[in-house]
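One structure is given here, and the rest of the page talks about it.
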Amino acid sequence: MAIAFFTYLNNLRTFALGQTYYQDILPETRYLAGSILMVLGFCYCLLLVAASSNIERKLLAFVGGLASQRQRKITASSGIKAGGEEEFRLAFEIAPIGMAIATSSSLLARVNQAFCNTLGYTPRELLGRALVDLTHPEDVAASLTVARKLLRGEISNCQIEQRYMARDGKVINTILQIAVVSEELGNSAHFLIQIVDITVGKQIQDNLLYNAWHHAVTRLPNRAFFRARLEETLRRKTKKDERLFAVVLLDLDGFKTINDSLGHKVGDKLLVAIARRIEKSLRPMDTLAHFGADEFAILLENLTEIKEATELANRIREALAFPFYIEGHDIFTDASIGISISRDEAGLLCDRADRLLRDADTAMYHAKTLGKARCEVFKTAMHDRAARRLQLETDLRRAISRQEFHIHYQPIISLRTGCIVGFEALLRWQHPTLGMVSPAEFIPVAEETGQIVPIGEWVLRFACRQLSLWQSKFCPDLTMSVNLSAKQLEQIDLTEQIDRIMAETGVKGRSLKLEITESAIIEDANEMASLMLAELKSRNILLCIDDFGTGYSSLSYLHRLPVNTLKIDRSFVMDMVEGDKNSEIVRTIITLSHSMGMDAIAEGVETVEHLSLLKTLNCDRGQGYFFSPALNSTGASSLLASSPQWLSYF
């Protein structure tokens, strides 16, 4: 059969080239004519791949004009005609794509086996049945429109995607090729139909499209989907429309810690659970998206006032306040939320999606800087702060090479003798256009961007160089306290770096004191951090816990880590009055340090009363404005060479 079919195709190609294989088409054989046309349509699809463009044009001309070839009768023997009918019948039946002939009223008059297999019916069940009955309800209108255009002669053929309902109720996606053949002598027209099942390919396409617009873990719309929806919302808005809409960005607080400690599997399940809780807090018209990692976005439409957006944000935070129970773990989380509104403070309508997203992100970042777990609505001043922060971030990268950093030194005083026993190195930044930038402003930026690592190395080298000069000129027992950030503590080559600096400057380990905040120690309270601190201790380098009492104040890490000194935070010292709560806290810290073999330093000593009380509490050392503010190297050198005024109190 295969040989006969391909022989037929060769004969068909000969016909298309204009040679002698002709079949007379008589009115009484119009049913056969329909079959021939359908087979030719199928063969044409095959020839699109194999034949030249000239052959294709001849086939198209033949398919379009076959029904009108009555005037070109060529006498043929009955044997040849019978053989031709059989070839066409076989070609129609064995065609791998669905083929059918339907009347002008769309009743199926003939179908092949592939057509039946595609829809799951037998030929008996299909013949005489209206094609529209098999069509998906949503595609019926389009199908009838095409049929009317074909019958009116507005188009000769048409190819569209068409859905049909299979016998088992499944939806079958197809490519439908349909043409109409009008018979002469008053005979009715017939529809010539081909269908190719593309259901599997369509599912793959739909899945790819879905994945392109949705997050893989939560299955929520992703950033691209959200942006498209936001832009569509902006297009619908007019200046006269008083209704507001808002973009809400939500960033989970502490999610990275959960992910790192409990694993990504638990982290993914937590994200899904969070998404479901947020969804329950929203209205049906709201759009929730997952931008990735721990960031979600919500588009709120048809708002009458900003308060509605903030109330929603608070509902979400309340929903997240309850613990999540995942794989045996009770997990608590909260969120920092930023909101941008479609109209700014001046009432002007925002017409750019990227600006609304930027403003919401700025507000969210502002919420984080204010302590996290809160909601902030964007204000123009936030953008100014964000722009300044970006400038600082950029300029920090060049500050060392441009020699914009300077170090000031605040003396540390023995509260037993009144003598200067050391200095704390404090970084200052003289910006060329912004002037003196506060460390409280640029140090967090340096921490977040990682610039604190090269900056910290520069400070350590510069301070040790200055200490070496003072030791040789004034007192060999002077010490230098230098702040060490959490980022620096994470560097695996930290000890090698410090060794190089001490070798370059000649400073001994016992003269260098590294100050580390409580939070930095807790964040890095793992085996690596412990080993790092132990290595520093082995070099006789002194370790001090800075701002003690404001963080975790855990006795467990004090017992485990090789700490020499506790520095009492200035907030306790500055408000200290004899017998009050703060003085008792200071007393407790001093007692604790002594009981663990450490000494205590008090920051923020600003009055005679502070000094007197600290001496009574047996505090070891102090620093503050009562003694001296931080000075440049020249001022600090002068202080070392003089007899300070505070000595009269000792």
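Details
- Estimated at 0.36 nm per residue, the fully extended path between ARG89 and GLU308 surpasses their Cα-Cα distance by 71.8 nm.
- Förster radius 25 Å - calculated FRET efficiency between SER401 and SER538, Cβ distance, rounded to 0.05: 0.15
- Spin-label model, TYR649 to LYS473: label points 7 Å out along the Cα-to-beta-carbon direction sit 2.7 nm apart.
- Label-to-label distance for GLU609 and ALA141 is 8.3 nm, based on points extended 7 Å past Cα in the beta-carbon direction.
- Cross-link pairs LYS487/LYS615; LYS368/LYS487; LYS265/LYS513 - those with Cα-Cα distance over 31 Å: LYS487/LYS615; LYS265/LYS513
- The residue list TRP429, VAL445, ALA636 was ranked by how far each Cα lies along the charge dipole of region 391-643 toward its positive end, using unit charges on Cβ atoms, and ALA636 comes out on top.
- DSSP beta bridges confined to region 391-643 are antiparallel in about 40 percent of cases.
- Cut-off 20 Å, label 7 Å out along Cα→Cβ of ILE175, residues of region 198-224 by amide N: 198-209
- With a Förster radius of 30 Å applied to the beta-carbon distance between ARG500 and GLU441, the computed FRET efficiency rounds to 0.50.
- Gain upon complete extension [SER156, ARG428; 0.36 nm per residue less C-alpha separation]: 89.7 nm
- Our note on the geometry: Cα centres of region 338-414 and region 482-505, 30 Å apart.
- Dipole size of region 214-378 about its Cα centre, with +1 on Lys/Arg Cβ and -1 on Asp/Glu Cβ: approximately 400 debye, rounded to the nearest 20.
- Between THR145, VAL180, GLY169, the Cα set farthest toward the positive side of the dipole of region 129-185 (charges on each charged residue's Cβ, about the Cα centre) is that of GLY169.
- Average Cα contact separation per residue, region 188-293, under 8 Å, 6 or more apart, as relative contact order %: 41
- Extension gain, ASP268-SER182: 0.36 nm per intervening residue step, less the Cα-Cα distance, totals 24.7 nm.
- Ordering 127-140, 612-625 by mean Cβ neighbour count within 10 Å, with the highest value first, yields 612-625, 127-140.
- Theoretical FRET efficiency, 1/(1+(r/R0)^6), r = Cβ-Cβ of ASP351 and THR449, R0 30 Å, to 0.05: 0.40
- For the peptides 310-318, 418-426, the ranking by packing is 418-426, 310-318, with the highest mean count of neighbouring Cβ atoms within 10 Å listed first.
- Anisotropy class of region 112-239 from Cα gyration tensor, a/c 1.5 cut: oblate
- Label sites at TRP213 and ALA293, each approximated as a point 7 angstrom past Cα along Cα to Cβ, lie 2.7 nm apart.
- Region 321-401 shape via C-alpha gyration tensor axes, a/c threshold 1.5: oblate
- Order of MET480, MET285, MET165 under a 10 Å beta carbon neighbour criterion, fewest first: MET285, MET165, MET480
- Geometric extent, Cα atoms of region 215-313 - Rg, Dmax (angstrom): 15.0, 52
- Highest to lowest packing among 171-181, 364-374, 197-207, scored as the average C-beta count within 10 Å: 171-181, 364-374, 197-207
- Relative contact order of region 391-643, pairs being alpha-carbon contacts under 8 Å that are 6 or more residues apart, as %: 19
- Only Lys, Arg (+1) and Asp, Glu (-1) charged, at Cβ; region 138-295 dipole about Cα centre in debye: 520
- Candidate aspartates and glutamates for bridging to LYS237, where Cα separation is under 17 Å - those fewer than 8 sequence places away on the same chain excluded: ASP286, GLU301, GLU305, ASP344, ASP351, ASP354
Bear in mind these aren't lab numbers, they're just calculated from the coordinates by the rules spelled out. This is a predicted model, so every value here is computed, not measured. FYI the Cβ positions are ideal-geometry reconstructions off the backbone, even for glycines, and counts take in every protein chain you see.
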